[in-house]
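Report on the structure given below.
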Amino acid sequence: MKKTDIELLGGTTEVAKLCGVKPSAVSMWFTPKERKGSGGIIPYKHAVKIAKTKIAQQKGWTIEYIVGE
């Protein structure tokens with residue numbers, strides 16, 4: 001996952017809301033390890049949520065479509 005993927009999903013704040021973390025946590029995913037970041041590694045549980053959201057957006061699915069309303 002790239003930083004541009006985060007931007008396509010609405011930016012750091014929106015992804016933080018999606019994942020239930022603070023925006024600073026999302027920023028740390030793209031901070032080099034030398035600066036105490038994760039060096040581009042997104043925690044698995046958050047990566048899955050982000051990937052599912054990105055796929056849904058690419059397919060044009062709405063929340064209503066996903067939950068069957």
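The values are calculated or read from the model by the stated rules, or taken from the named source; none is laboratory data. Note that the coordinates shown come from a computational prediction; the quantities given were computed from them, not determined experimentally. A quick note on method: Cβ atoms are made from the backbone with ideal geometry, for glycine too, and the neighbour counts reach across all protein chains shown.
If only residues of segment 42-69 that are under 13 Å from the mean Cα position of the chain (by Cα) and more than 18 Å from Glu7 (Cβ to Cβ) are counted, the one that is modelled with the lowest pLDDT is Val48. Listed by position, the helices (runs of 4 or more DSSP H) contained in segment 1-47 that have at least 2 residues being over 20 Å from Gln58 (Cβ atoms) and among the hydroxyl-bearing types (Ser, Thr, Tyr) are 12-19, 23-28.
Is it the case, given these coordinates, that Thr31 is loosely packed, with under 14 Cβ neighbours inside 10 Å and modelled with pLDDT of 90 or more?
So Thr31 fails the test.
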